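For reference, the structure is listed below as structure tokens.
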Amino acid sequence: LSAWGFVLIDAIMRNGWAYVPMTRHWLGAHALYLLAGAVLGLGAWMLTGFEGLVMRRGRFAGAARAWVRALVYGTVAGAASVGTALWTFSGEQIGQTAWVHWGPALFVCLVVVGATVASWIQIAGFEQLKRGKRLMPALTGLGLLLVASGLIYVDLHAFVELYYRLHTLLELTASIMLSGALVLLLSGRKFDQAVPKTVMGSFAALLIGWTAVVTSTRSVRAWLDESLRHVWLEEVYLGRMLRRLHIADAFLSHPLRWKGPEMESVERLRARFDLSSIALSDQWKQAGARSAEVVASVRSLREASGTPNILIYYVDTLRSDVAGEVGTMPNVVKFAPQTLNFRRAYASGSDTLRSLPSITGGNYFVDRHASGDLLEVARSARHTSVLFIAKSAHEFLAKLRPTFKFEHTIEVEDYSADREVWGYGAEQPTAKAIVDKALGFLERSRNQPFFLWLFNFDQHNWRELDRDYIEDLAHKQNVSTIDPIWRYRVVAASIDAQFGRLLKGLERLGLSKKTIVVFVSDHGEALGRDGFWVHSVFLWESLVRVPLMLRIPGVEPRNIDEIVSLVDLAPTLAPYMNPTTPMDSYHGEDLLEYVLPNPPERRFPLLLSAASKEMLVRVGLIDSKRNLKLVLSLEAALPELYELRGVDPDSINLADLQPRQTLLLLNQLVRSPVFPRLREDFDLHQAKSSSSPTLEIVENAAAAEPGN
């Protein structure tokens, strides 16, 4: 009953019923959770047997006996939580503090205490039932039901999809609480008379038989997988349980050749779609040259600008739709008609570590430093390169993206000295200070060529910024706090105000007509879609559609509705600093080509990737000619296909309706740079350093394929 309760909760949380074949969904869901319930029941049977063994060896009586019984369960729970405790305190930030040493022990102790108390409450309720009392057990059962409901709510609404181990711990704890609540509420004379033990025993035998059938019969597991393949679009509880079944299936199939769940998903994908090869396609190793006519036309456009300075106003975590709201970002909206405004621009990833390398490098190899990287070109062209950045963002990138390095870096404090911050958590705004320091630099150095990067981090910290500061801004901007994303909009408005001040400063200093100004973001923010509020993990439009505007002296402004990528920025900007920059290392296109009367077709599809805690979980491909987006969930080993011209492109999965198109794009995706071919490809921390021969590694992996 507890297991089926999770099927009901999954149904309540699920939005995409349009995808769901109802009969197969309910049959598959109940069958899967019959298995889960049986496993939980067998675990409970083993635990109670262990408890009985402990109690028979000891001599306990009275109240002490109940507490010792409870402590047995608490100790087992504590032992089971050790792995989660060590993982919880293994992060970069916390690893630099004393918490890394005594945090796991405290975590386990709290689990032991919590599980012991919860077990004692249930044991006390059972003892009351034995004495024929019903009121206290019923109240206890209701209390456990409330606690279980609270845990489920937290599990489904807090940091959704970001901390899988903690989600698992919450889910397991809630299921045990719910089971205990049902026993206390349903047990008693009336229930026992209505449902004799022979019936319960028969049902238990049926569950054990079903577990044996699923364990021993691959076709049954395949039926479960096929019946519930739609749940990967919204994992909730059914997706999680199906993932566990996949892992167990793969491990039990060949335990001695177990490659880990990540590589098993790659093998499952190859088998499911009969993919002949996943080797990197030769087309990605060196871009084909443009025609002489296109090259000459673009060169003519570029020469009209002379040798301009370059200034990039980069806003971490800004959605494209919010950047276009005149009430939120009026300066950006006013700036757009002065630019090449690419209204359908895509990031290459839904987090900074996946997106930023493609912006500076112009290609999709995120684990190596490209020869045509913008920062290298700036140094070779003697453009003074300066980064203005919040301290927490700089510390994060210095550790995880050390090649993002400028000649000069000017940090702005964004957290107090007594705090530890890593990626998230900085509470002090920096947008104004960054513009102040940039204008100060320009006052002193306006006569020398420069490449400036203003790295705005306030939007990334929209939830953590000082409460008084945000509320004061909301009052000044007359923003209603009823809006669920009012904080996000308030921060966007403050960044917009500083952007307007920067543009006025360039005008005042006489630099507007000598400077390329780029307004861009690296990815968006989910803001509550399917319970997900932040970024990474998914490849929804709200996460990968970004603003991209370039004001280029001498180039006529216009709106451009062709699909482009941030990977196009490097091949566009680098030749302005060094006209002899080799273009064959770029996967992106020169954005000036879109100004030509007959723009040539893109040579490559757009690629996307998404990670959870730096672990790659989704990759994607956009066919700009057909306006299609393919998203591949690596855990599910299932592709999704979306039409990009709809009001909500992520709402209707067309993969089953267009299988040939899906397979065509899938074959392109698995032979692209973002598809993982080695275990190291899943984790940026394990990926080879920037100096490693990435292509050689990929080619060696491809050579190991049958037939190569």
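The values are calculated or read from the model by the stated rules, or taken from the named source; none is laboratory data. This one's a predicted model, so the numbers in the text were calculated from it and none came from an experiment. Using ideal geometry, Cβ is built from the backbone for each residue, glycine included, and neighbour counts are taken over all protein chains shown. With ligands, DNA and RNA removed, areas are computed over all heavy atoms of the protein, side chains included. Shrake-Rupley method; radii C 1.70, N 1.55, O 1.52, S 1.80 Å.
Between residues in segment 604-631 that are touching a residue at least 24 places away in the same chain (Cβ under 8 Å) and surrounded by fewer than 20 Cβ atoms within 10 Å (Cβ to Cβ) and residues that are in a strand (DSSP E or B) and of a type in the set (S, T, N, Q), which pairs lie under 8 Å by C-beta distance while being six or more apart or on different chains?
Taking only residues 6 or more apart or on different chains, not a single pair turns up.
Starting from residues that are surrounded by fewer than 21 Cβ atoms within 10 Å (Cβ to Cβ) and touching a Phe, Trp or Tyr at 6+ places or on another chain (Cβ under 8 Å), keep the ones in segment 522-533 and report whichever is modelled with the lowest pLDDT.
R529
Considering (1) at pLDDT 90 or above; (2) touching a Leu at 6+ places or on another chain (Cβ under 8 Å); (3) open to solvent by 10 Å² or more (accessible area, probe 1.4 Å); (4) of a type outside the set (G, A, S), say which one R270 fails and leave the rest.
The single condition R270 does not satisfy is (2).
Can you tell me how many residues within segment 332-353 are touching a Ser or Thr at 6+ places or on another chain (Cβ under 6 Å) and open to solvent by 10 Å² or more (accessible area, probe 1.4 Å)?
Qualifying residue count, segment 332-353: 1.
Among the candidates W99, W4, single out the residue that is over 30 Å from K613 (Cα atoms), open to solvent by 70 Å² or more (accessible area, probe 1.4 Å) and not basic (K, R).
W4
List every residue pair whose Cβ atoms lie under 8 Å apart, where the two residues are 6 or more positions apart in sequence or sit on different chains, the first residue falls within segment 645-659 and is in contact (Cβ under 8 Å) with a residue 60 or more places away in the chain and surrounded by 11 or more Cβ atoms within 10 Å (Cβ to Cβ), and the second residue, located anywhere, is outside any helix (DSSP H, G or I) and hydroxyl-bearing (S, T, Y).
P649/Y642; D650/Y642; I652/Y642; N653/Y642
Give the number of residues within segment 109-137 that are part of a helix (DSSP H, G or I) and open to solvent by 30 Å² or more (accessible area, probe 1.4 Å).
17
Please count how many residues of segment 536-588 are in contact (Cβ under 8 Å) with a residue 40 or more places away in the chain, touching a strand residue (DSSP E or B) at 6+ places or on another chain (Cβ under 9 Å) and part of a loop (DSSP other than H, G, I, E, B).
So the count comes out to 15.
Of everything in segment 439-454, what is open to solvent by less than 10 Å² (accessible area, probe 1.4 Å) and in contact with a Gly (Cβ under 8 Å, 6 or more places away or on another chain)? Give them in sequence order.
Within segment 439-454, just L442 meets the criteria.
I'm trying to understand the selection: among the residues of segment 407-421, which are open to solvent by 50 Å² or more (accessible area, probe 1.4 Å) and either touching a residue at least 24 places away in the same chain (Cβ under 8 Å) or farther than 27 Å from T384 by Cα (or both)?
Selection gives E407, H408, A417, D418, R419, E420.
Among the residues of segment 381-401, how many are open to solvent by 10 Å² or more (accessible area, probe 1.4 Å), at negative phi and touching a residue at least 12 places away in the same chain (Cβ under 8 Å)?
9
Does segment 512-521 contain any residue that is in contact with a helix residue (DSSP H, G or I) (Cβ under 7 Å, 6 or more places away or on another chain), of a type in the set (S, T, N, Q), open to solvent by 10 Å² or more (accessible area, probe 1.4 Å) and under 27 Å from E593 (Cα atoms)?
yes
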